[in-house]
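Undergrad: Input: one structure, supplied below.
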Amino acid sequence: MRVVQLLTQRTGGPVDHAVDVAVGMAGRGHESHVVGPESDGTARARAAGVTWHPLEMATKQDVGGGAAVARRLVSLRPDVLHLQDRRAGWIGRLLARRLRGAGIVYTLHGVADGLSDLVPGNALAAPRRRRDRWYYLDGERAVTRWSGARVVVPSAAVASFALEHVRLDPDRVDVVPNGVDPVRFAPAGASPRRPPTALWLGVLGEVKRVDVLLDAAERVPDLRLLVAGDGPLLPEVERRAAQPGLAGRVSLLGRVHDPAPLFADADLFALTSAAENCPLALLQAMASGLPAVASAVGGVPEVLRDGVDGLLCPAGDVPGFAAALGSLAADASARRRMGDSARARILEGYTEDHCLDGLLESYARARSCAR
């Protein structure tokens, strides 16, 4: 089977996921391709036998880039075209009728920040805009119906958004949680550190609420922070980390090309987002044997069991995050117990193999409808 992943982004969770899926499909003997700009994962994909086609559609207005992508997709004649970000989702679904016989699958990795509170558990991450409804609700519904695409959603929480607000056909929506490689992300077996260290990993943007992390950590003086990521809030994070109360306790690592080694340098993981789906960083941390303190948003509570694999807090609750961070920082045995449970949780249902199994079922359904 010839499977093509389509991307228009260079970085972010959808890119990491697409690379993992492309590598996994090649490993299972399928002819695996990626069409999109080169990224940190390109070399890993090519080494695994994936053919990478370095084409780029930089914006929605990039007509030339879109036309080049469309020509390449038509020439590849995929059996399955898997669309991995919003722009890719529009290109691929609008092109569906030219790809005769191809199964079209679109993964809804997230919800626009201005609609994020329509997902159970999520907070509103940005003000509503007039265009949000027609572009992300009415437009999504129309282009999905027109193309006959299947929609994969990594969490039940976002699936409810797709059904209740986008009003997609339930028969075309599949819940397939993200997965991680339990070998690549494995416990390091390091001794607890003094002071204990919490890792935060993500894009330094408003929705990730790194301000909550910094405010909470200031209340836990016996805690060191590793902050990995880049984004528009970096100058503010740098200023905040240098202030009294945090100075000397926060290491800003910048954008990290391979996150796997980071988890060996931490005792626990922190996720402070206002909105999430099924975050890869959380799965990677859990697979690495780290307990997490996380916002109880979106699909996070579907993965992380409060008091078992880590601790859950309401989004934006600084005192709650501080108390949870302090509790785990002070109790190495609890960290070890919850970290072991977190690792077991991933092995039970959130590995790459679990994800690939689910995607292959979606691919089969998409192909049967396309014939």
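The values are calculated or read from the model by the stated rules, or taken from the named source; none is laboratory data. Keep in mind the model is a prediction, meaning the values are calculated, not measured. Methodologically, a virtual Cβ is constructed for each residue, glycine included, from the backbone with ideal geometry; neighbour enumeration extends over all protein chains shown. The area values use the complete protein model at the heavy-atom level, side chains included, leaving out ligands, DNA and RNA. Shrake-Rupley method; radii C 1.70, N 1.55, O 1.52, S 1.80 Å.
Undergrad: Give the residue that is nearest to the chain's Cα centre (by Cα), with candidates limited to residues of the stretch 225-257 that are among the β-branched types (Val, Ile, Thr) and buried (at least 17 other Cβ atoms within 10 Å of the Cβ).
TA: Restricting to residues being among the β-branched types (Val, Ile, Thr) and buried (at least 17 other Cβ atoms within 10 Å of the Cβ), the top hit is 227.
Undergrad: Let me ask another. Among the strands (runs of 3 or more DSSP E) confined wholly to the stretch 66-158, which include 3 or more residues that are within 30 Å of residue 209 (Cα to Cα) and out of contact with any Gly (no Cβ under 6 Å at 6 or more places or on another chain)?
TA: Here the list reads 150-153.
Undergrad: Here is a further query. Hand me the list of strands (runs of 3 or more DSSP E) wholly inside the stretch 254-314 holding 2 or more residues that are without any contact (Cβ under 8 Å) to a residue 40 or more places away in the chain.
TA: 310-313
Undergrad: Filter the stretch 21-32 for residues that are under 20 Å from residue 92 (Cα atoms) and open to solvent by 10 Å² or more (accessible area, probe 1.4 Å) and give the result. Working first, answer last.
TA: Applying the first criterion (under 20 Å from residue 92 (Cα atoms)) to the stretch 21-32 yields 21-22, 25, 31-32.
Within the stretch 21-32, 31 is the sole residue that qualifies.
Undergrad: Going through 270, 260 one at a time, which residue ends up being in contact with a Phe, Trp or Tyr (Cβ under 8 Å, 6 or more places away or on another chain), open to solvent by 10 Å² or more (accessible area, probe 1.4 Å) and within 30 Å of residue 177 (Cβ to Cβ)?
TA: Details: 270 fails: open to solvent by 10 Å² or more (accessible area, probe 1.4 Å).
Testing whether each residue is in contact with a Phe, Trp or Tyr (Cβ under 8 Å, 6 or more places away or on another chain), open to solvent by 10 Å² or more (accessible area, probe 1.4 Å) and within 30 Å of residue 177 (Cβ to Cβ) leaves just 260.
Undergrad: Right, next: Output the residues belonging to the stretch 118-155 that are open to solvent by 30 Å² or more (accessible area, probe 1.4 Å), basic (Lys, Arg) and touching a residue at least 24 places away in the same chain (Cβ under 8 Å).
TA: Listed by number, the list holds a single entry, 145.
Undergrad: Can you give me the number of residues within the stretch 33-58 that are surrounded by fewer than 21 Cβ atoms within 10 Å (Cβ to Cβ) and assigned to a helix (DSSP H, G or I)?
TA: Here the count works out to 5.
Undergrad: Kindly provide the set of residues from the stretch 321-335 that are in contact (Cβ under 8 Å) with a residue 12 or more places away in the chain and in a helix (DSSP H, G or I), ordered by number.
TA: Result: 321, 322, 324, 325, 326, 327, 328, 329, 332, 334, 335.
Undergrad: Now, a different point. Kindly establish whether residue 222 is open to solvent by 10 Å² or more (accessible area, probe 1.4 Å), closer than 19 Å to residue 197 by Cα and either among the acidic types (Asp, Glu) or within 18 Å of the chain's Cα centre (by Cα) (or both). Give the derivation first.
TA: Values: open to solvent by 10 Å² or more (accessible area, probe 1.4 Å): yes; closer than 19 Å to residue 197 by Cα: yes; either among the acidic types (Asp, Glu) or within 18 Å of the chain's Cα centre (by Cα) (or both): yes.
Yes, satisfied.
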